[in-house]
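Worksheet: one structure, shown below.
The values are calculated or read from the model by the stated rules, or taken from the named source; none is laboratory data. If you're wondering where the values come from, they're calculated on a predicted model, not measured in any experiment. Here the Cβ is made from the backbone with ideal geometry for all residues, glycine too, and neighbour counts use every protein chain on show.
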Amino acid sequence: MNIILISLITLGVIGALAALILFFVAKKFYVFEDPRIDEVEAALPAANCGGCGYPGCRGFADACVKADDLDGLFCPVGGADTMSKVAAILGKTASAAEPTVAVVRCNGSCENRVRTNQYDGVKSCKVAHNLYGGDTGCSYGCLGLGDCEVSCKFDALYINPETMLPEIDEDKCTSCGACVKACPKLLIELRRKGPKSRRIYVSCMNKDKGAVNKKVCSVACIGCSKCFKVCPFEAITMGNNLAFIDSEKCRLCRKCVDECPTSAITELNFPPKKPKVEVAETSEKEN
């Protein structure tokens, strides 16, 4: 009986000492965490997509609380409404951010870009990109194996089985940037959504010379500079035999679209152009 009692007392003393040690260690190494982080995290959409540039919504919430202001901090999934809630919680002002959407800068469909061989391997763009240039003569074009589709958590992107190109549902796209990171060819870009969701951009990333591009894809940019010369807003730049349209400077006049000889420039969500009416001038002779 004495042995049992001694054992219980010993265990009790050890437990009490351990509890005291843990108590002092917890006090010594206690890290204060602002309770507002939990409030901000609760206001976020909990997508944990990384589109904000931080490791998940918790990391973004922590950055918002610690920042002096919210400039440069934006949740692409929640948008302006979410940032307004965050600003109200923290007593800060949320700067307005221009909505963006993902676009695919390749129009090399099966019709426009002839397939010269067939890939028979792992269905991964990353793997195929590291093995060879692609199944067409364009080594810059889309491989169509769907890494971008797999990366999208919002079902906003899918591979069209007929064109073998990714298509984006802009109503579902949250601009998280996951598809941008997933594409080994760097063909997907986040661009300014534009008024009434109207956008103009060059659907080509081929940096080869024009004659080579034209042979491998009928809608490739050939670097002719015609769009650059006709743009009245200096929104187009030329580099590496390729045109690029700055969405911040572009005023959507569509002059470049009409000027492009290969239809490499894509215009989205515009109303159809009115046909030009040719007025025949008739001269009447007065007798």
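Mind listing just one residue for me: the one in region 230-257 that is in contact with a strand residue (DSSP E or B) (Cβ under 9 Å, 6 or more places away or on another chain) and loosely packed, with under 14 Cβ neighbours inside 10 Å and, of those, nearest to residue 194 (Cα to Cα)?
248
Would you confirm whether any residue within region 189-208 is surrounded by fewer than 20 Cβ atoms within 10 Å (Cβ to Cβ), at negative phi and without any contact (Cβ under 8 Å) to a residue 24 or more places away in the chain?
no
Select from region 197-216 the residues that are of a type in the set (A, V, I, L, M, F, W, C) and modelled with pLDDT of 95 or more and write down the one among them that is nearest to residue 140 (Cα to Cα).
Looking at the filtered set, the residue picked out is 205.
Looking at (1) modelled with pLDDT of 90 or more; (2) surrounded by fewer than 15 Cβ atoms within 10 Å (Cβ to Cβ); (3) of a type outside the set (Lys, Arg), can you tell me which one residue 95 breaks?
The failed condition is (1).
Can you tell me which residues in region 234-247 are at pLDDT 95 or above and closer than 16 Å to residue 257 by Cβ?
Correct list: 235, 236, 243, 244, 245, 246.
Please note which helices (runs of 4 or more DSSP H) are completely contained in region 41-143 and include at least 3 residues that are under 30 Å from residue 265 (Cα atoms).
The qualifying helices (runs of 4 or more DSSP H) are 125-131.
Of all residues being under 16 Å from residue 107 (Cα atoms), touching a Ser or Thr at 6+ places or on another chain (Cβ under 9 Å) and not β-branched (Val, Ile, Thr) in region 163-182, which is modelled with the lowest pLDDT? Just the residue, please.
164
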